[in-house]
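Worksheet: one structure, shown below.
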Ligand code: FUB
């Protein structure tokens, strides 16, 4: 039986859970952390994942099942290493896994693989999505059928290295060199209906403060770092994400999936471990946040475990902040 705030599985390390409800079952698409003795660094070199396994639960009371190997790095012609946080979507009768990995030049890109089953195995496209870069794709299938992917991460995720439109290996980690600059936001792109390409040029999402001014790079408690997720609640778009260096999951809302978004507050206080990464899903009329921490490994950053807990809205649509250990 699955228990709230406990590791969903214990036989392997899992992270970055993207949860979805397909055919009334819960499917979780996590990264698969590999134990090794290498050191951590700001480039994320410790996250050496090589494959994906899909987890599923018939209901929240059921045992969480590991459905086995769904996709491996050796199956994907364009990939060199680091299969990081994936997401999945059901579009036009097929299940799609959208995932980041380093290409043969060492740059993170986004790839797509498809399957007739939500648990895979997934058949990858030959090349990454043209024009894609960085990490952490999250896919929204909007009510009008439009498929929108949100993505991007600072530091190891390389988002700041693409600001000129080309990859600049020497671009410094944000917020250097100008903490007063507007913070970078996640990228967003409408996908083509065959899910193989971006239908439109990606744009960067703006996140504003309560006065309508863009959040600054130095505002590390609120600015975007990585791990975007988009969900809709009562007709509004909720963009949630990790603040990275300050380890919060926070959110911003908008009337449009393309923003601008207004910062609204904190969803989750820091978990054990450096990274925090989540997804939000409705199941049988209640809302849940899936997230990870390093409880299973006693705090080793690259040996994480996925968990879930209930997420509660106030009457005004704000979200009650969760302390993951209370
Ligand atoms: O799992 C590798 C990276 O760690 C993800 O891409 C980030 O969101 C962070 O969780």
Exercise. Looking at (1) in contact with a strand residue (DSSP E or B) (Cβ under 8 Å, 6 or more places away or on another chain); (2) part of a loop (DSSP other than H, G, I, E, B); (3) under 25 Å from residue 20 (Cα atoms); (4) modelled with pLDDT of 95 or more, can you tell me which one residue 139 breaks?
Worked result: (2)
Seminar exercise, completed: Filter the stretch 63-82 for residues that are surrounded by fewer than 13 Cβ atoms within 10 Å (Cβ to Cβ) and under 23 Å from residue 129 (Cβ atoms); the one that is farthest from the ligand (Cβ to nearest atom) is 77
For this session: Report the residue count in the stretch 1-44 for those that are closer than 15 Å to residue 303 by Cβ and surrounded by fewer than 23 Cβ atoms within 10 Å (Cβ to Cβ).
Result: 14
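Results for (1) touching a strand residue (DSSP E or B) at 6+ places or on another chain (Cβ under 9 Å); (2) closer than 15 Å to residue 311 by Cα; (3) more than 16 Å from the ligand (Cβ to nearest atom); (4) without any contact (Cβ under 8 Å) to a residue 24 or more places away in the chain, shown as yes or no for each residue.
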site	(1), (2), (3), (4)
212	yes, no, yes, no
215	yes, no, yes, no
218	no, no, yes, no
223	yes, no, no, no
231	yes, yes, yes, no
235	no, no, yes, yes
238	yes, yes, yes, no
250	yes, yes, no, no
253	yes, no, yes, no
For this session: Just name the residue that is nearest to residue 13 (Cα to Cα) out of those in the stretch 270-294 that are more than 13 Å from the ligand (Cβ to nearest atom) and in a strand (DSSP E or B).
Result: 289
Problem set entry | Output for the stretch 85-107, where each listed residue is within 16 Å of the ligand (Cβ to nearest atom) and touching a residue at least 40 places away in the same chain (Cβ under 8 Å) | 85, 86, 87, 88, 97, 98, 99, 100, 107
Exercise. If you go through the stretch 13-53, how many residues are farther than 17 Å from residue 156 by Cα, touching a strand residue (DSSP E or B) at 6+ places or on another chain (Cβ under 6 Å), in contact (Cβ under 8 Å) with a residue 60 or more places away in the chain and within 16 Å of the ligand (Cβ to nearest atom)?
Worked result: 9
Seminar exercise, completed: Within the stretch 117-146, residues being over 25 Å from residue 73 (Cβ atoms) and surrounded by 14 or more Cβ atoms within 10 Å (Cβ to Cβ) number 2
Exercise. Can you name the condition, by its number, that residue 118 falls short on among (1) assigned to a strand (DSSP E or B); (2) more than 16 Å from the ligand (Cβ to nearest atom); (3) under 28 Å from residue 12 (Cβ atoms); (4) under 20 Å from the mean Cα position of the chain (by Cα)?
Worked result: (1)
Exercise. Hey, residue 60 hits all of (1) away from the ligand (no atom under 15 Å from the Cβ); (2) in a loop (DSSP other than H, G, I, E, B); (3) within 30 Å of residue 193 (Cβ to Cβ) but one; which does it fall short on?
Worked result: (3)
For this session: Please find, among 271, 320, the residue that is on the phi < 0 side of the Ramachandran plot and under 17 Å from the mean Cα position of the chain (by Cα).
Result: 271
Seminar exercise, completed: Out of (1) more than 18 Å from the chain's Cα centre (by Cα); (2) away from the ligand (no atom under 16 Å from the Cβ), the one residue 297 does not meet is (2)
Exercise. What's the number of the condition residue 198 fails, among (1) crowded, with 16+ Cβ neighbours inside 10 Å; (2) under 24 Å from residue 102 (Cβ atoms); (3) touching a residue at least 12 places away in the same chain (Cβ under 8 Å); (4) within 16 Å of the ligand (Cβ to nearest atom)?
Worked result: (4)
Exercise. Out of the residues in the stretch 300-310 that are within 11 Å of residue 324 (Cα to Cα) and surrounded by 17 or more Cβ atoms within 10 Å (Cβ to Cβ), which is nearest to the ligand (Cβ to nearest atom)?
Worked result: 307
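Table: residues versus (1) in contact with a strand residue (DSSP E or B) (Cβ under 6 Å, 6 or more places away or on another chain); (2) within 22 Å of residue 240 (Cβ to Cβ); (3) in a strand (DSSP E or B).
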site	(1), (2), (3)
113	yes, no, yes
131	yes, no, no
135	yes, yes, no
166	no, no, no
173	no, no, no
176	no, no, no
195	yes, no, no
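The values are calculated or read from the model by the stated rules, or taken from the named source; none is laboratory data. Please read these numbers as outputs of a predicted model, since none were measured by experiment. Backbone-built Cβ (ideal geometry, glycine too); neighbour counts: all protein chains shown.
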